[in-house]
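J.: Below is a structure I'd like to ask you about.
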Amino acid sequence: MYSQGLIGADNKTEETQAFLDAFQKRIDAEEKIEPNDPMPLAYRNTLIRMIGQHAHSEIVGMLPEGNWITRAPTLRRKVALLAKVQDEGGHGLYLYSAAETLGVSREQMTEELLDGTAKYSSIFNYPTPTWADIGTIGWLVDGAAIMNQVPLCRCSYGPYARAMIRVCKEESFHQRQGYELVKTLCEGTAEQKAMAQDSLDRWWWPSLMMFGPSDTDSQHSDKSMQWKIKRFTNDELRQKFIDATVPQAELIGLTVPDKDLTWNPTKNRGKGGYDFGEINWDEFWRVVQGHGLMNKDRIAARKKAWDEGAWVREAAQAYAAKQQSSSVA
Ligand code: BYC
């Protein structure tokens, strides 16, 4: 794989202070780090963890929405939903490929997802019992993803940064179609509007949790900021998301389910921002540790797909081996 012989990747090469300083100098100069460049092992491992988690989130994220493809109320909605779910599959594939440039295989990443070693976003462990949830996911979940991922287009690791550019363009479209869906429900019957409000009530807090633990509890943020993998902290991004999203809810006549939500004109260095209520961190950690409503179903679905796809992988490998031996001959 690409990592062979690189500094840090073999666990033997010494990472001297001079090497680490030179690496940081490249980062500070906004140079992109590419797969064959020397990099500290911790930088490599941070990216493998984060890109792997991101790839898994995209693939697991197809499940809650896929649940509604056969029940979309109109052909137009079905086409948009099919395309969106397919886009998420594509994002997963770019991201697995980006992680592979760091010397990890897709098989290994998948095994780690299935055995619980690797994480995926907490948000996908919530169920989608109503059609309004499809709109709310586009609006809030893709909205939160964009807030988090636009800065990742400037991530110091080249393959991740480049993958994010296309992903963000597609997520922006997803966010708009989701908001348009929720807006349509809000302009419909009283029952439809109530369905939209109920959906917002269930998804608001889990969407805020997508940004990760508060900065005081985030283990990886400091190092990731120093290496310019992350450009903003978890709390900074969460605040930006709240400030952008609350007016969108108000515009369509929905109420954000937070009694402590108040406009604070002194926040954000005098630009203003919302104060908001306490996030239920117990719930967050419970879900992250595998005890959310849908964790078991999600992993079972991924395991079934992986097991049932074994023959495809074997056939592809046999075909590749045959092609290679005939080109050698
Ligand atoms: N869920 O030190 P921290 C999408 C874990 S969008 C589960 O702050 P970091 C999509 C974290 O991994 C969603 N686990 O970590 C959208 C760490 O555990 P480990 C995916 C979480 O990495 C629409 C521990 O908590 N987006 O795919 O600095 C449709 C401490 O956290 C969560 C990305 O992955 C969570 N919400 O910051 C379809 C974007 N939050 O690894 C699909 C890229 C934290 O030490 N990732 N943890 O065992 C990131 O920006 C960052 O990894 C995070 C966390 C902000 C998520």
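J.: Ranking request for peptides 95-106, 264-275: highest mean number of other beta-carbon atoms within 10 Å first, then the rest in descending order.
T.: Numbers: 95-106: 20.1, 264-275: 12.1.
Answer by packing, highest mean first, reads 95-106, 264-275.
J.: Sort 224-235, 54-65 for me by packing, meaning the mean count of neighbouring Cβ atoms within 10 Å per residue, highest on top. Spell out each step's value before the answer.
T.: Details: 224-235: 19.0, 54-65: 22.8.
Result, highest mean Cβ count within 10 Å first: 54-65, 224-235.
J.: Compute the distance in nm between two label points, each set 7 Å from the Cα along the Cα-to-Cβ direction, one at residue 260 and one at residue 28.
T.: Inter-label distance under the simple model: 3.9 nm.
J.: With Cβ to Cβ distances under 13 Å as the rule, what net charge do the other residues near residue 46 carry (K, R +1; D, E -1)? Walk me through the numbers on the way to the answer.
T.: Working: positive: 44, 49, 223, 228, 230; negative: 222.
Overall, the nearby charge balance is +4.
J.: When the convex hull of the C-alpha atoms of the chain is computed, what volume per residue in Å³ does it have? Please list the in-between numbers first.
T.: Values: hull volume 53.0 nm³, N = 329.
Taking the convex hull of the Cα positions in the chain, it is 161 Å³ per residue.
J.: Once phi is turned into ³J(HN,Hα) by the Karplus curve 6.51 cos²θ - 1.76 cosθ + 1.60 with θ = phi - 60°, what whole-Hz value does each residue of the stretch 27-39 show in order, with x for glycine and proline?
T.: 3J(HN,Hα) across the stretch 27-39, in whole Hz: 4, 5, 7, 6, 6, 7, 8, 10, x, 8, 7, x, 8.
J.: Can you list the HN-Hα couplings for the stretch 205-218, worked out from phi with the Karplus curve (6.51, -1.76, 1.60; θ = phi - 60°), rounded to whole Hz and with x for Gly and Pro?
T.: Working through the residues one at a time gives 5, x, 5, 5, 6, 4, 6, x, x, 4, 4, 5, 9, 6 Hz.
J.: Now for a different question. Applying the Karplus parametrisation 6.51 cos²θ - 1.76 cosθ + 1.60 with θ = phi - 60° to the phi angles of the stretch 291-307, what ³J(HN,Hα) value in whole Hz is obtained for each residue in order, glycine and proline being reported as x?
T.: 10, x, 4, 10, 3, 5, 4, 4, 5, 4, 5, 5, 5, 4, 5, 5, 5
J.: Add +1 for every Lys or Arg and -1 for every Asp or Glu among the other residues with Cβ under 13 Å from the Cβ of residue 108, and state the total. Please report the intermediate quantities before stating the final value.
T.: Details: positive: 49, 106; negative: 100, 107, 111, 112, 115.
Summing Lys and Arg as +1 and Asp and Glu as -1 gives -3.
J.: List the residues whose amide H sits under 5 Å from the amide H of residue 157, counting only those 5 or more places along or on another chain, with H placed 1.01 Å from N in the peptide plane.
T.: For residue 157, the qualifying residues are 33.
J.: Stick to the Cα atoms of the stretch 133-232, pair each with every other, and give me the Kirkwood hydrodynamic radius in Å at one decimal. Provide the component values of the computation, followed by the final result.
T.: Working: mean 1/r = 0.0672 Å⁻¹.
It is 14.9 Å.
J.: Less than 12 Å Cβ to Cβ from residue 93, Lys/Arg counted +1 and Asp/Glu -1: what total charge do the surrounding residues give? Write out the running numbers ahead of the final one.
T.: Details: positive: 106, 166; negative: 58, 87, 88, 100.
Once all neighbours under 12 Å are counted, the net charge is -2.
No value in this document is a laboratory result; all are computed from the given coordinates. Just so it is clear, the structure is predicted and the values come from calculations on it, not from any experiment. FYI the Cβ positions are ideal-geometry reconstructions off the backbone, even for glycines, and counts take in every protein chain you see.
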